[in-house]
Amino acid sequence: MSDRLRLDETGPVLVVGGYGTVGAELSTMAAQRWPLLLTGRSPERGATLADRLRAEVRRWDLADPTGFSASVRAVVSAVNDPDDRVLRAALAGGVPYVDITRWTARLQRAATVATLAHPSAPVLLSSGWMGGVVNLVAAALAAALGGADQAEVAIRWDLADQAGADSVEFMDRLGLDYEVVENGRRRLVMPLSDTRRVRIGDTLTRVARIDTPEQFTLPLTLGVTTATTRIGFSSTATTSALLAAKRTGLFRWGRGDRFTALRRTLLYSPGDGGTAQVRIDVTRGDQTAAVTISDPHGQSHLTAVGALAGLHRVLGLDGAPAPQGVVFPEMTPRAAQVPEFLQSMGVVLLRHPGHEARAA
Ligand SMILES: NC(=O)c1ccc[n+]([C@@H]2O[C@H](COP(=O)([O-])OP(=O)(O)OC[C@H]3O[C@@H](n4cnc5c(N)ncnc54)[C@H](OP(=O)(O)O)[C@@H]3O)[C@@H](O)[C@H]2O)c1
C-alpha cells in the first residue's frame, strides 16, 4: 500500500518524528496554534507528549513499506526520510511541506523530485543550519546591507547539548568532500579543513569546514559569491581530537559500515542541555554585518524555531502570501522581521562590530 496524504485546510499539522528531540520542541510550539498529528515507529513513546498537547499520535515507520494515510493541513518532516516518502506523499496530495533534516545532497535530490512533480503546494527545504534559522538571519543581514557578496557561518556546538539518535547521520559525513562557491568559483573542499578562530558570542572558538545546505542555497538565492560554514566545539580538546582524527585519515579509510560505530562514538555523545550558538557574517563591498544567534534552550529548540518559521511561511501566516513551488528559507519577503520573530521565541541576537576571523 502506498502512502497517502490529503489536504484538509482545517485538519492537523502532521509532524513526522514529532515526539523526537527536535520534533517534541516543535510540537510544543505548534500545539499553541494548530491541532497536531505526531508520527514515529513506536507511538507509545510519544503518548505522554501527545496527551499533554492534546495531539493524536500514530505509527508511521519510514523504513517499513506499510503505507500511511492522513488528511492534514501541512507536514513537517522532522526525521530522516531516506526514500522521500513524506515528500512524495505531500506532493501527491498538494499538502504544504517543510523539511529540516536533509544534508546537501539529499536537499538537492528533494529539490529535483519536487520540481519534477510540479508542486501545487509550497515545498520549503529548510535544512540549513538550525532548521533554516541561519538562512533567515543571513537574509535579514543581506536586506540590511542592501545585498550580499559573502556569507560566513561559524557554529559553536555545545557538547552539553541534547541531540537525538536520528541527527548523527547528518554529522557522519566527514569523509566526503563537498562543493562550495568561493569568489564566484566552485571548488571541492574537505570537511574539517581550513580552520579559523572566530569570536562566537563572547568566546573565541576554533572552527573548521563542514558541509551544510546553506552553502549550496545562499549563492543561488542571495547571490553571494562566497558561502562558507565552519563548526567547532565548546571543548577545545574535542575539536582538537576531531581534527587529529581527520589528519589520520580516519574519516576517509573508515567510511565503510565496519567503522560506523567507531565514527559515531566520536561524533555522538549528547548531554542534558546546552546553549546553541552560531555566528553569521554577511559582507557587501567593504561593509560587514555580523551577529551571533544564541539559544539558551539549545539546538533542538532553535531548530524547532526554524521549523515553526517554516510552517508559518508555507501556510501564508508570516505576513506574506504562501510561496509557490520549491523555496528555501532565505527567500522570505519578510527578512526585516526575522530578528523580531527570533527574539519573540527567546532567541538572543548579539551584534558584532565586523570581521574578526583569524587563521588558526
Ligand atoms: N537542520 C538542522 O539544523 C537540524 C538540527 C537538528 C536536527 N536536525 C535533524 O532533525 C532530525 C531529528 O533529529 P532529532 O535530534 O530530533 O532525532 P531523534 O530525537 O532521534 O528523533 C527522531 C524521531 O523520529 C522517529 N523516527 C526515528 N526513525 C524513524 C523511522 N524510520 N520512521 C519514522 N519515524 C522514525 C523517532 O521516534 P521512534 O523511535 O518511535 O520511531 C523520533 O520521534 C534529524 O534528521 C536531524 O539531522 C536538523
Exercise for the section: For the range 289-330, enumerate the residues that are part of a loop (DSSP other than H, G, I, E, B) and touching a residue at least 40 places away in the same chain (Cβ under 8 Å). Expected result: PRO296, HIS297, GLY298, LEU315, ALA322, PRO323, GLN324, GLY325, PHE328, PRO329, GLU330
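Return yes when GLN162 is assigned to a loop (DSSP other than H, G, I, E, B), open to solvent by 20 Å² or more (accessible area, probe 1.4 Å), of a type outside the set (Phe, Trp, Tyr) and over 18 Å from THR292 (Cα atoms) and no when it is not.
yes
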Handout entry: Criterion: open to solvent by 40 Å² or more (accessible area, probe 1.4 Å) and of a type in the set (A, V, I, L, M) - qualifying residue of ALA70, ALA63
Key = ALA63
Practice task
List every residue pair whose Cβ atoms sit under 7 Å apart, with the two residues 6 or more apart in sequence or on different chains, where the first one lies in the range 10-21 and is under 12 Å from LEU49 (Cα atoms) and the second, anywhere, is within 6 Å of the ligand (Cβ to nearest atom) and of a type in the set (D, E, K, R).
Solution key: TYR19/ARG45; GLY20/ASP166
Practice task
Starting from residues that are open to solvent by less than 30 Å² (accessible area, probe 1.4 Å), part of a loop (DSSP other than H, G, I, E, B) and small (Gly, Ala, Ser), keep the ones in the range 168-215 and report whichever is farthest from THR292 (Cα to Cα).
Solution key: GLY175
Handout entry: Criterion (touching a residue at least 60 places away in the same chain (Cβ under 8 Å) and open to solvent by 20 Å² or more (accessible area, probe 1.4 Å)) met by exactly one of LEU262, LEU222
Key = LEU222
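The values are calculated or read from the model by the stated rules, or taken from the named source; none is laboratory data. Quick caveat, the model's predicted, so the values are computed rather than measured. Glycine also receives a Cβ, built like all others from the backbone with ideal geometry; neighbour counts cover every protein chain displayed. When the accessible area is computed, the model is the full protein with side chains, heavy atoms only, and any ligands, DNA or RNA have been set aside. Shrake-Rupley method; radii C 1.70, N 1.55, O 1.52, S 1.80 Å.
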